[in-house]
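S.K.: One structure, as structure tokens, below. Some questions next.
Every number in this text was worked out from the coordinates using simple rules, so none of it is lab data. Source: prediction; values computed, not measured. Cβ placement follows ideal geometry from the backbone for every residue including glycine, while neighbour counts extend to all protein chains displayed.
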Amino acid sequence: MARQRKILISLPDSLLDEADNMAYSQNINRSEFIREAMRLYIRERKKTEIVQKLKKGYEEMAEFNLEYSDFCLETDNRQLQLYEDKLAECE
């Protein structure tokens with residue numbers, strides 16, 4: 001198990017009372033409750049950061065993807081027109 005260190009934090013009475021009540025209802029002590037709360041908070045912050053990075057990446061790639069799809073559509077249309085022209089010559 002990792003080394004544990006003691007810290008001193010200041011909390012409003014109402015927040016400490018809520019935390020103590022939740023810890024009691026989960027049958028854990030205050031320290032374990034705060035450790036778990038910190039783990040959850042850190043996990044959620046990491047998820048939020050990943051979502052923000054993904055969002056930024058999609059936004060940055062949007063213009064490129066639109067240009068690329070337009071290029072491919074134009075190429076497909078040219079190929080289709082050439083095919084139809086050749087078919088018309090055969091008739």
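S.K.: Looking only at segment 20-44, which residues are among the polar types (S, T, N, Q) and either surrounded by 10 or more Cβ atoms within 10 Å (Cβ to Cβ) or not in a helix (DSSP H, G or I) (or both)?
M.R.: Result: Asn21, Gln26, Asn27, Asn29, Ser31.
S.K.: Restricting attention to segment 34-90, which residues are farther than 30 Å from Asn21 by Cβ and among the aromatic types (Phe, Trp, Tyr)?
M.R.: Listed by number, the residues that qualify are Tyr58, Phe64, Tyr68, Phe71, Tyr83.
S.K.: Right, here's the next one. Kindly provide the set of residues from segment 7-19 that are assigned to a helix (DSSP H, G or I) and more than 15 Å from Met38 (Cα to Cα), ordered by number.
M.R.: Those that are assigned to a helix (DSSP H, G or I) and more than 15 Å from Met38 (Cα to Cα): Asp13, Ser14, Asp17, Glu18.
S.K.: Consider Asn77 carefully, then state whether it is on the phi > 0 side of the Ramachandran plot and over 26 Å from the mean Cα position of the chain (by Cα).
M.R.: No: the conditions fail for Asn77.
S.K.: If you scan segment 37-78, which residues turn out to be farther than 30 Å from Leu15 by Cβ and among the hydrophobic types (A, V, I, L, M, F, W, C)?
M.R.: Once the filter is applied, which keeps residues that are farther than 30 Å from Leu15 by Cβ and among the hydrophobic types (A, V, I, L, M, F, W, C), segment 37-78 yields Leu54, Met61, Ala62, Phe64, Leu66, Phe71, Cys72, Leu73.
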